[in-house]
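All remarks here apply to the structure that follows.
The values are calculated or read from the model by the stated rules, or taken from the named source; none is laboratory data. Keep in mind the model is a prediction, meaning the values are calculated, not measured. All Cβ positions, glycine included, derive from the backbone under ideal geometry; neighbour counts span all protein chains shown. Just so you know, the surface numbers come from the protein's heavy atoms only, side chains and all, with ligands and any DNA or RNA stripped out. Shrake-Rupley method; radii C 1.70, N 1.55, O 1.52, S 1.80 Å.
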Amino acid sequence: MSTTDTPRKAKGRTGRAKAPAKRPTAAHELALLASMLLIRRFEERCVELYSAARIRGFMHLYIGEEAVAVGVNEALTEQDAVVSTYREHGHALARGVPADAIMAEMFGKVTGCSRGRGGSMHLFDARRRFYGGNAIVGGGLPLAAGLALADRMTGRDRVTCCFFGDGAFAEGEFHETANLAALWRLPLLLVCENNRYAMGTALERHEAQTDLAMRAASYGMVSWAVDGMDVLAVEDAARRAAEGVRAGTGPHFLELRTYRFRAHSMYDPDRYRDKAEIERWKERDPIERLTARLRGHGELTGEALAALEERVHTEIEAAVESAEQAPEEPVGDLLRFVTSPVEEAS
C-alpha cells in the first residue's frame, strides 16, 4: 500500500482495527518541542564552533528536519535499534545520546561517544542501540538488514529503524535491502528522509518517479508518505509502522517529506537551490509549527518558552565546556580497536 497520507487505521496483533489516536497531552507535545529545540540549538552552536575552527572535518547539519528524528524515535523502544546516516546529530540526540558525548566527539576528544575517532559523521552508542552514522550513502541499509535478520532468527521482539536520504534511494544497497527484507519479512522500519536534494541534485533530476513511497511499495511492503515537517504526523505514522513491523507483517517504509534549511554540508556553497524556495519551506518550520499549536491551545506562554530556551542553552554550553576540557586519546592508544589483540600461546 502506498498513499500520500498516514493510514487512519492500522491492524494490531489481534487483527482488529484501532481507533484514530487521541490528541497528545500538552506535556507530551512540550517534550517533543524540547527535543527539537535541543537539536536545533545544538547544531546552531556547532556552526559557530566550526566557523571558529574548534570543530573540524566534515559536518552535515540537520536544521529543518528535526521533526523526523524526534517523531520517529518517539515510536521506538530502548530495545529497538537505530542505524543512521552522516547527517545524524539529530538522530543521536533524539535517541538519547548525551549532548556532551556528542560534542566531545565533534571536538575529537576521548570522552566522545566514539572516543573521538569518528567525528561528526560517525556517532555511535551501542548501549543505546544507536549503531552509528555512516559516511557512505546508503551504507547503513545492509547493516540494518543484518540487525533485523538477527532479531528475526533469535525471536527477539525488536524493530530496527534505518534512516537514509532520498539520494540513497538510487543506490543498489536500498534495492537489495528492500528486496531481502520483504522476502524474509524482516522486522525493519525503513525511514527515507526525502529533503528533495541528493547532495546538490534535485529529486526530479535523478529519479524518473518521484513518489518514493509508491516505488518502495513495489517490493510488497507497506509504505506511505508523510509530512515530515509535522512532528505529530511523523510520530503517528512511525507508531503505526512500528506496530505493523512488531505484528510480524514484514518491513514498512515511510517517506518523510522534509527539507534542510542549510546547505548539504559546511563546505557546500548551496548554489543549486532558489533562495525563495528555502524561504517557503522555512514557513513550515516544524519548531515554529508546534510552538504555534501549543500557544493556540493556551499551553505555552512566552515565559515558559524562554525558560525552555534557557534550559537548552545551559545544557549545550555545559557540553561545550566539557568537550573543551576533555583529553585527547593518548598516542599510545591509537592502534587500539584497530586490530584484534594477540593472544599469548599457552
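Below are the figures for this structure:
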read-out: Pairs of alpha carbons in region 59-186 whose separation is greater than 17 Å (percent); value: 57
read-out: Exposed chymotrypsin sites (Phe, Trp or Tyr not before Pro) absent: longest stretch of the chain, with sites in DSSP loops and at most 15 other Cβ within 10 Å deemed exposed; value: 59-266
read-out: MRE, 222 nm, helices only [DSSP H, n ≥ 4, -39500 (n - 2.57), over the chain, to nearest 500]; value: -13500 deg cm²/dmol
read-out: Residue with peak Gaussian network fluctuation, the chain [Cα springs, cutoff 10 Å], from Gly140, Gly64, Gly155; value: Gly155
read-out: Lysine pairs within the chain, Cα separation less than 30 Å, 8 or more sequence positions apart or different chains; value: 4
read-out: Kirkwood Rh and Cα Rg combined as Rg/Rh, region 279-346; value: 1.38
read-out: Rg/Rh ratio calculated on Cα atoms of the chain (Kirkwood radius); value: 0.97
read-out: Relative contact order (%) - criterion: Cα under 8 Å, at least six apart; region: the chain; value: 24
read-out: The chain - accessible surface per residue (Å², probe 1.4 Å); value: 47
read-out: Cα gyration tensor, region 196-346 - rounded (a/c under 1.5), prolate or oblate; value: oblate
read-out: Ellipsoid equivalent to region 171-277 - semi-axes via the Cα gyration tensor, in Å; value: 28, 16, 11
read-out: Largest to smallest accessible area among Arg196, Arg128, Arg87 [probe 1.4 Å]; value: Arg196, Arg128, Arg87
